[in-house]
Amino acid sequence: MTRLRSRLIAVDGVHGAAVKAAAGRMVPPAARRVGGGVSDWDASGLFEQLVVAQEQAGQISARTLLLLYASDLAFRLRWEIEPALAEGHTVVAAPYLETAIAFGRAAGLPGGWLRNLLQFAPRPGTRYYVDRSVPRKSHSPEGFVEFGCARLTGHPLVKRQELAVRTRAFLVSAAKRANATRASR
């Protein structure tokens with residue numbers, strides 16, 4: 001029996017549905033059959049709990065959102081990503097590090113703090129980014145950036161759509177520096 005070589009692939013972007021679709025296309029059918037797959041944000045349910053809590057959770061800061069993202073990523077690594085990689089599978093993390101860092105930078109957080117926060121995560125072997133804007137009207141945010149923009153309504157630095165545009169600009173810039181490949185739509 002041939003064993004698949006483990007691979008961690010990152011797909012980052014601001015449009016949740018497009019990131020999810022691109023990630024799904026990255027996992028070869030053979031890898032799916034033997035345990036590879038997509039690790040999506042909110043695997044831990046932390047963000048779902050914020051939605052359920054609604055107004056009881058109150059206004060949330062960008063720093064708190066990113067601390068929750070880091071906690072969720074630690075959960076994904078422990079229960080989804082690392083076990084699959086240890087078994088030699090391909091795992092696509094969607095989104096992974098650059099989406100969170102771009103969101104934090106767009107919200108005014110220091111890059112050093114963001115990199116330090118996420119330094120526990122292993123580097124992906126391959127990086128992709130989805131260059132698509134956040135939809136103007138999103139009734140159910142599918143992605144982390146859409147969720148964050150909706151939760152930070154009234155943020156002192158930027159309005160919702162401006163935060164999404166700034167996040168996309170930071171992400172595209174980071175993707176170019178990292179030589180990430182643009183994922184097809």
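Laboratory data are not the source of any read-out in this text; all were calculated from the coordinates shown. Keep in mind it's a predicted model, so treat the numbers as computed, not measured. All Cβ positions, even for glycine, are placed from backbone atoms using ideal geometry, and neighbour counts span all protein chains on display.
Data overview
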item	result
Cut-off 18 Å, label 7 Å out along Cα→Cβ of residue 61, residues of segment 107-130 by amide N	107-118
Percentage, to the nearest whole number, of Cα pairs in segment 7-178 over 22 Å apart	40
Using a Förster distance of 41 Å, the FRET efficiency for residue 82-residue 54 (Cβ separation, nearest 0.05)	0.80
